[in-house]
1. Relative to the present Cα-Cα distance, how much length would full extension add between PHE84 and ASN35 at 0.36 nm per residue of separation?
2. Rank LEU48, LEU14, LEU33 by mean-square fluctuation in a GNM of the chain with C-alpha springs under 10 angstrom and give only the top-ranked residue.
3. Of all the accessible heavy-atom surface of the chain, with the other protein chains kept in place and a 1.4 Å probe, what percent is carbon and sulfur?
4. Rounded if a/c is under 1.5, else prolate if a/b beats b/c, else oblate: with a ≥ b ≥ c from the C-alpha gyration tensor eigenvalues square-rooted, which is segment 51-138?
5. Can you give me the span-like helices of the chain, meaning DSSP H runs with 24 Å or more of Cα extent along the axis and Kyte-Doolittle mean at or above -0.5?
6. Rounded to the nearest 5, what % of DSSP beta bridges with both residues in the chain are antiparallel?
7. Could you give the radius of gyration (one decimal) and Dmax (whole number) of the Cα atoms in segment 1-155, in Å?
8. Taking the Cα centre of the chain as the origin, how large is its charge dipole in debye, to the nearest 20, when only Lys and Arg (+1) and Asp and Glu (-1) carry charge on their Cβ atoms?
Amino acid sequence: FKDVQESKTLGRALQSGLPSERMRLFAQPIVHLRNPNRSGAEILLRVLNDDGIASPPGRFLQAAEQQGAMPRVDRWVMNSVLEFLESHDPYLREIGFVSVNLSGSSLNDEACVNDLYSMFAEHKLVANKICVEITEAVALTDITTTARFMDRLRQFGVGVALDDFGAGYT
């Protein structure tokens, strides 16, 4: 019952805006075993529940997809990561890359994509530390648009990786 109530509360909150006061970002290390200098981190989004405990992202991301809020979520995550990198020079020098997942709905939202380009232009000194992850299925849905998106990201020095590569039918 508590999970159902939290889901309903989350859905209502997403209709009016992001519950950013409850959103937290964590960095999961990605260690290159042969060349530690090429190590990095993947950014993970967690949302605090009513008890202040970080919940797994599944319920939140599902609610955000259903409410059409994923572009807002992805904008918030990317902006937060870029601002953090820009204001933490020691971390910036040590980290090889920071991987950030983007949802398919964000990649299909022209306004969101343009906002991402603007963020990278604004934070051009740290954009080269970002590696955008998109799922294989999303990348292959519209190859021409995906290729154009990837080319534009590379102009900012942003890397691109396919997430879940080989896990699906594509």
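The values are calculated or read from the model by the stated rules, or taken from the named source; none is laboratory data. Predicted model, so just to flag it, every value in this text is computed and none were measured. Because the Cβ atoms are built from the backbone with ideal geometry, glycine has one as well, and the counts that use them run over all protein chains shown. Heavy atoms of the whole protein, side chains included, go into the accessibility calculation; ligands, DNA and RNA do not. Shrake-Rupley method; radii C 1.70, N 1.55, O 1.52, S 1.80 Å.
1. Numbers: separation 49, 0.36 × 49 = 17.64 nm, distance 2.50 nm.
Gain on stretching PHE84 to ASN35: 15.1 nm.
2. Between LEU48, LEU14, LEU33, it is LEU33 that shows the largest mean-square fluctuation.
3. Working: 5240 of 9950 Å².
Looking at the chain in its full context, I get 53 percent from C and S.
4. Numbers: a/c = 1.97, a/b = 1.35, b/c = 1.46.
Oblate is the answer for segment 51-138, as a/c is 1.5 or above yet b/c matches or exceeds a/b.
5. Working: long enough: 70-87 (25 Å, -0.02).
Flagged H segments are 70-87.
6. Numbers: 10 of 21 bridges.
Around 50 percent antiparallel, to the nearest 5.
7. Every Cα atom of segment 1-155 included, Rg and Dmax give 16.4, 49 Å.
8. On the way: 17 positive and 22 negative charges, 40 e Å.
Using only the charged Cβ atoms, the result is roughly 200 debye.
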